[in-house]
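Heads up, the thing below is written out as structure tokens.
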Amino acid sequence: MTNQIVKMTVNGEKKEILAEPRELLIYVLREKLGLSGAHVGCETSHCGACTVEIDGKSVKSCTMFAVQAEGAKITTIEGLGTPDNLHVLQENFKEHHGLQCGYCTPGMITRAHRLLQENPNPTEEDVRFGISGNICRCTGYQNIVKSILSAAAELNAAKEAAQ
Amino acid sequence: MKDEVTREERVTNLKGLGSSRKRVEDARFTQGKGHYVDDINLPGMLTGDFVRSPYAHARVKSINIDAAMALDGVVAVLTAKDLEPLSLHWMPTLAGDKQMVLADGKVLFQGQEVAFVVAKDRYIAADAVELVEVEYEELPVIVDPFKSLQSDVVLREDLDPNAPGAHGPRKHHNHIFTWEVGDEDGTNAVIDDADVVATEEMYYHRTHPCPLEPCGSVASMDKVNGKLTLYGTFQAPHVVRTVASLLSGIEEHNIRVVSPDIGGGFGNKVGVYPGYVCSIVASIVTGVPVKWVEDRMENLMSTAFARDYWMKGKISATKEGKITGLHCHVTADHGAFDACADPTKFPAGFMSICTGSYDIPIAYLGVDGVYTNKAPGGVSYRCSFRVTEAVYFIERMIEVLAIELNMDAAELRRINFIKKEQFPYDSELGWEYDSGDYHTAWEKALKAVDYEGLRKEQAERVAAFKRGETRTIMGIGLSFFTEIVGAGPVKNCDILGMGMFDSCEIRIHPTGSAIARLGTISQGQGHATTFAQILASEIGIPADSITIEEGDTDTAPYGLGTYGSRSTPVAGAATAMAGRKIRAKAQMIAAYLLEVHDDDVEFDVDRFVIKGAPERFKTMGEIAYAAYNQAIPGLEPGLEAVSYYDPPNMTYPFGAYVCVMDIDVDTGVPKINRFYALDDCGTRINPMVIEGQIHGGLTEALAVALGQEIAYDEMGNCKTATLMDFFLPTAWEVPNFETDFTVTPSPHHPIGAKGVGESPHVGGVPCFSNAVQDAFRPFGNRHTNMPHDHWRIWKTANDLGLHD
Ligand code: FES
Ligand code: FES
């Protein structure tokens, strides 16, 4: 099959890759761009392990062709925080034991990041509903929810302090 | 030297036993820098994919690979014929049976591996899979183990029907084994004579561990050096190395097996799968690395399932409720091959722990294993070798007996618990329970939830329901479990002949930091965090200065891996013991440096001090430096130790759980209002990690009890092979759990720890199930089978006339 050039902005960097029209975005991210943070857990849009952010929306990248991302702005887990300066969500997942095997974690944090953009003041119910497209087999969600709520509180406090 | 830090601060700085130390793994996982099998990409690597059988039972008449081979980018297509010259078309299972790697003349379950396509990328491989032409001739399908034992249809034509199997004589060509423990005649005599007898049949449905990361492997045969490297989702990398060597004929020292980060295992990643074998063969054939990673459907259809036990129980008691005898028979559906991962001498695992937490004077267990046209497996899914089945069985029998006695089920348990002073307790079916204090745990749990108050509330709710004021009813689920983990003593526990010890090797570096390597492998349990804590307390080096490494057979000492909650009981013990060896040598070095006799110094948190003169001391850092830089008479340089730990007994964690649930009788939807879990796992290493394990185990218990089922239709089609059909709970369905604990250390474990990862699953399943069944008890319910999905709950309500 013929390859196509796809241009997109990934974690703030302009990227140009060659992809077959049938290639899923998750594989292009993982294998052509070396961003292996997002994982594959089902390839059927059920588990959320492959969640990334595209143009301000959480998207399961196993259910989108790379060519559909032409011109898109994509943020993956690798685009949140740096080793010396972790994102508040990353810090809180560590602090509250919001992960075990880590397989769901990049998708979960990326989803939570979007959720807090949409709703900076979520209730526990909002968080539970908001991440219900992301499955975790290890943690039972309790500490994930705690991590996200605590990150939200911290972000809000920082915002207030800045004002 | 002036010591400005208090002793208490020194203890805190170690982050040793009992510290809720944050996990060291999390920095990389939260940044997307975990390194899982599918993240491995080697130069020139090819991708493998399976042609799988659409039929549950069929003869394979022919396989034509021409069209597939003609496709650009396809490098090889392997069939059983290609594997046969290498004797790799079949492989041994962990249960002493054998299993086809690729279909050899017939297929025995839907999704069975028929051919292995190797291509340049996954897309080409998938195209080629479609192009392989397989001609099948359908055969009669058997999905019911009872029918299987009556059927003329021979499932396993490769087996001599008259020859004994791995576990003794077989009664029928589809029968695998009979396993019996206890005194059947004696038990029957007691039950026949008893005041009260309750009998019940229950089906513990087939389910699947379904970790979020599917199984996979990358094999890389380096023909120049004759070395095979195999990366994979292995819960037991060392066992995989030995099996790979035995199968392939490659000498074991030329095989390196690596388990990188593992995205959850729960028992799914214990066994050896055809995909691993095929990736190895394909790499040998093609001379380049070959990756195989299954997709979710393949995972659910073909890799190890769990449970599928048909259990029949009889329990007898006096009028006052003292249990006098227990009889249990299991018909165990093992699918097409017996691929259970149990210690060799235990073909039904530790099912004989089915007398539970109760002092039962006489008991019998019989298990019959049966072949059917379903996927092979029978692994311990988040439990230790069939303990989940055993605990579900006894906790349901207790409830049924309570109904028979017209007695409160909490009281019935109280009357029959093994008493604290009876430990170590020898159970009728042959186990020596190491320690326990069940009554204390039970009373604490009942008090925490205000059990009496709950029962009152329930009675009011029943009355309100009967008056037509509400359409919801309330259930109170109770369970008390005793786990049996930490397999196990080499004298009676082995897998494929290998004793189930485990190991730890420690090296202290000159600057006072350390690396420890273990024979286990974390799949999310946080070993890198917790094992460092055990060691910190033992050797006085801060956990933050200790690296824990597992999973690379070239560097780690041999061990049997991580499953059945065995890491803490066995490898954790090895860690402590190796630490003690370090400490013994450190003591000699300290004494030399302080110019006193060995016996005149003692260990104190992070140093050796002169007895009675604690201001004179040598820190572990100083001792480590001296070990490498000073000639000490009579001592070799260096500070290293290794321990292979053969546990003298299993450990027996226990716990008391209560679940309070509302059920809408018109929709069948349950709502969990409260879940209280008290766990006693002996000495607690890291309370934060323990709590996380409990949340996770309870969530999988909820899943199994309320819907997570692998189901087949009569044609042997797997009806639950996607996450659309196979229930994995989301954050929306899972409640917050309340955790609590008591501490009853194991008397034989070096630090008294018992293991915890699986307890919540073992105790949780009966608790959720009992809650559903208890809600219906006032309306005449006795027992209904799991999974209690909405439809089945609705059906129970309907059967009991609650919709009339
Ligand atoms: S892999 Fe995309 S949702 Fe599961
Ligand atoms: S941490 Fe393992 S799946 Fe979420």
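Hey, among B:Glu714, B:Glu700, which residue is more than 9 Å from chain A (Cβ to nearest Cβ), within 30 Å of B:Val143 (Cα to Cα), of a type in the set (Asp, Glu) and touching a residue at least 40 places away in the same chain (Cβ under 8 Å)?
None of the others qualify; the one that does is B:Glu714.
Step by step: first the residues of the stretch B:210-227, then only those that are within 14 Å of chain A (Cβ to nearest Cβ) and in contact with a helix residue (DSSP H, G or I) (Cβ under 6 Å, 6 or more places away or on another chain), then the one that is farthest from B:Ala701 (Cα to Cα). Which residue is that?
Of everything passing the filter in the stretch B:210-227, B:Gly216 is farthest from B:Ala701 (Cα to Cα).
Consider B:Asp82 against the criteria (1) within 29 Å of B:Ser302 (Cα to Cα); (2) under 32 Å from the mean Cα position of the chain (by Cα); (3) not in a loop (DSSP other than H, G, I, E, B): it satisfies all of them except one. Which criterion is unmet?
That leaves (2) as the condition not met.
Considering the stretch B:724-759 alone, what residues qualify as being in a helix (DSSP H, G or I) and either touching a His at 6+ places or on another chain (Cβ under 8 Å) or assigned by TED's automatic domain parsing to the domain that holds B:Thr568 (or both)?
If the condition is that a residue be in a helix (DSSP H, G or I) and either touching a His at 6+ places or on another chain (Cβ under 8 Å) or assigned by TED's automatic domain parsing to the domain that holds B:Thr568 (or both), then no residue fits.
Name the residue, out of B:Ser62, B:Ser20, B:Ser87, that is open to solvent by 40 Å² or more (accessible area, probe 1.4 Å), at positive phi and away from ligand 2 (no atom under 16 Å from the Cβ).
Matching residue, one of B:Ser62, B:Ser20, B:Ser87: B:Ser87.
Pairs please, first residue from the stretch A:40-56 and more than 12 Å from A:Thr75 (Cα to Cα), second anywhere and of a type in the set (S, T, N, Q) and within 16 Å of ligand 2 (Cβ to nearest atom), Cβ atoms under 6 Å, 6+ apart in sequence or on different chains.
If the second residue must be of a type in the set (S, T, N, Q) and within 16 Å of ligand 2 (Cβ to nearest atom), the pairs left are A:Gly48/A:Asn134.
Only one of B:Val485, B:Val490, B:Val462 is in contact with a Phe, Trp or Tyr (Cβ under 7 Å, 6 or more places away or on another chain) and touching a residue at least 12 places away in the same chain (Cβ under 8 Å); which?
Being in contact with a Phe, Trp or Tyr (Cβ under 7 Å, 6 or more places away or on another chain) and touching a residue at least 12 places away in the same chain (Cβ under 8 Å) holds for just one of B:Val485, B:Val490, B:Val462, which is B:Val490.
If I filter the stretch B:765-804 down to residues being open to solvent by 20 Å² or more (accessible area, probe 1.4 Å) and among the polar types (S, T, N, Q), which single residue comes out as farthest from B:Asp646 (Cα to Cα)?
B:Asn798
Within the stretch B:33-57, which residues are surrounded by 24 or more Cβ atoms within 10 Å (Cβ to Cβ), in a loop (DSSP other than H, G, I, E, B) and within 14 Å of chain A (Cβ to nearest Cβ)?
B:Gly34
Could you list, in sequence order, all residues of the stretch A:130-163 that are among the β-branched types (Val, Ile, Thr) and out of contact with any Lys or Arg (no Cβ under 7 Å at 6 or more places or on another chain)?
A:Ile135, A:Thr139, A:Ile144, A:Ile148
Which residue pairs have Cβ atoms under 7 Å apart, sit 6 or more places apart or on different chains, and have a first residue in the stretch B:344-366 that is basic (Lys, Arg) and a second that is open to solvent by 10 Å² or more (accessible area, probe 1.4 Å)?
Matching pairs, first to second residue: B:Lys345/B:Asn492.
Evaluate the following for A:Glu124: is it more than 21 Å from A:His46 (Cα to Cα), open to solvent by 30 Å² or more (accessible area, probe 1.4 Å) and within 16 Å of ligand 2 (Cβ to nearest atom)?
no
Filter the stretch B:728-764 down to the residues that are hydrophobic (A, V, I, L, M, F, W, C), crowded, with 20+ Cβ neighbours inside 10 Å and within 14 Å of chain A (Cβ to nearest Cβ) and list them by number.
Within the stretch B:728-764, B:Leu728, B:Ala731, B:Val734, B:Phe737, B:Val756 qualify.
Residue under question is A:Val145, and the condition is that it be more than 22 Å from A:Glu31 (Cα to Cα), more than 8 Å from every other protein chain (Cβ to nearest Cβ) and of a type in the set (Val, Ile, Thr); does it hold?
Here the answer is no, as A:Val145 does not meet what is asked.
From the list B:Val281, B:Val257, B:Val243, pick out the single residue that is among the aliphatic types (A, V, I, L, M) and assigned to a strand (DSSP E or B).
When all the criteria are applied, what remains is B:Val257.
Residue by residue, here is whether (1) more than 16 Å from ligand 2 (Cβ to nearest atom); (2) polar (S, T, N, Q); (3) open to solvent by 50 Å² or more (accessible area, probe 1.4 Å); (4) outside the structural domain of A:Arg137 (by TED's automatic domain parsing) holds:
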residue: A:Met8; (1), (2), (3), (4): yes, no, no, yes
residue: A:Leu29; (1), (2), (3), (4): yes, no, no, yes
residue: A:Leu35; (1), (2), (3), (4): yes, no, no, yes
residue: A:Ala49; (1), (2), (3), (4): no, no, no, yes
residue: A:Gly98; (1), (2), (3), (4): no, no, no, no
residue: A:Gly102; (1), (2), (3), (4): no, no, no, no
residue: A:Thr105; (1), (2), (3), (4): no, yes, no, no
residue: A:Thr110; (1), (2), (3), (4): no, yes, no, no
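Identify, by number, the condition in (1) closer than 23 Å to B:Asn299 by Cα; (2) in contact with a His (Cβ under 8 Å, 6 or more places away or on another chain) that B:Leu230 doesn't meet.
(2)
Can you tell me which residues in the stretch A:84-97 are outside any helix (DSSP H, G or I) and more than 15 Å from the chain's Cα centre (by Cα)?
Hits for the stretch A:84-97 are A:Asp84, A:Asn85, A:His96, A:His97.
Quick one: would you say A:Thr105 is modelled with pLDDT of 95 or more and at the interface with chain B (Cβ under 7 Å from one of its Cβ atoms)?
Criteria met by A:Thr105.
Of the residues that make up the stretch A:48-58, is at least one modelled with pLDDT of 95 or more and facing another protein chain (nearest Cβ under 8 Å)?
yes
Which of the residues spanning the stretch B:169-199 are closer than 30 Å to B:Leu412 by Cβ and touching a Pro at 6+ places or on another chain (Cβ under 7 Å)?
Hit for the stretch B:169-199 is B:Trp179, nothing else.
Condition check ((1) hydrophobic (A, V, I, L, M, F, W, C); (2) open to solvent by 60 Å² or more (accessible area, probe 1.4 Å); (3) without any contact (Cβ under 8 Å) to a residue 12 or more places away in the chain) across all residues:
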site: A:Pro120; (1), (2), (3): no, no, no
site: A:Gly130; (1), (2), (3): no, no, no
site: A:Gly133; (1), (2), (3): no, no, no
site: A:Thr139; (1), (2), (3): no, no, no
site: A:Asn143; (1), (2), (3): no, no, no
site: A:Ser147; (1), (2), (3): no, no, no
site: A:Ala151; (1), (2), (3): yes, no, no
site: A:Gln163; (1), (2), (3): no, yes, yes
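Of all residues in the stretch B:541-574, which are surrounded by 24 or more Cβ atoms within 10 Å (Cβ to Cβ), modelled with pLDDT of 90 or more and part of a helix (DSSP H, G or I)?
Hit for the stretch B:541-574 is B:Ala543, nothing else.
B:Asn649 is checked against (1) surrounded by fewer than 16 Cβ atoms within 10 Å (Cβ to Cβ); (2) assigned to a loop (DSSP other than H, G, I, E, B) and fails just one. What number does that condition carry?
Evaluating B:Asn649 over (1) surrounded by fewer than 16 Cβ atoms within 10 Å (Cβ to Cβ); (2) assigned to a loop (DSSP other than H, G, I, E, B) leaves (1) as the failure.
The values are calculated or read from the model by the stated rules, or taken from the named source; none is laboratory data. Model, not experiment: these values are computed from the prediction. Backbone-built Cβ (ideal geometry, glycine too); neighbour counts: all protein chains shown. The protein model used for the area step is the full one, side chains on, heavy atoms only, and it has no ligands, DNA or RNA in it. Shrake-Rupley method; radii C 1.70, N 1.55, O 1.52, S 1.80 Å.
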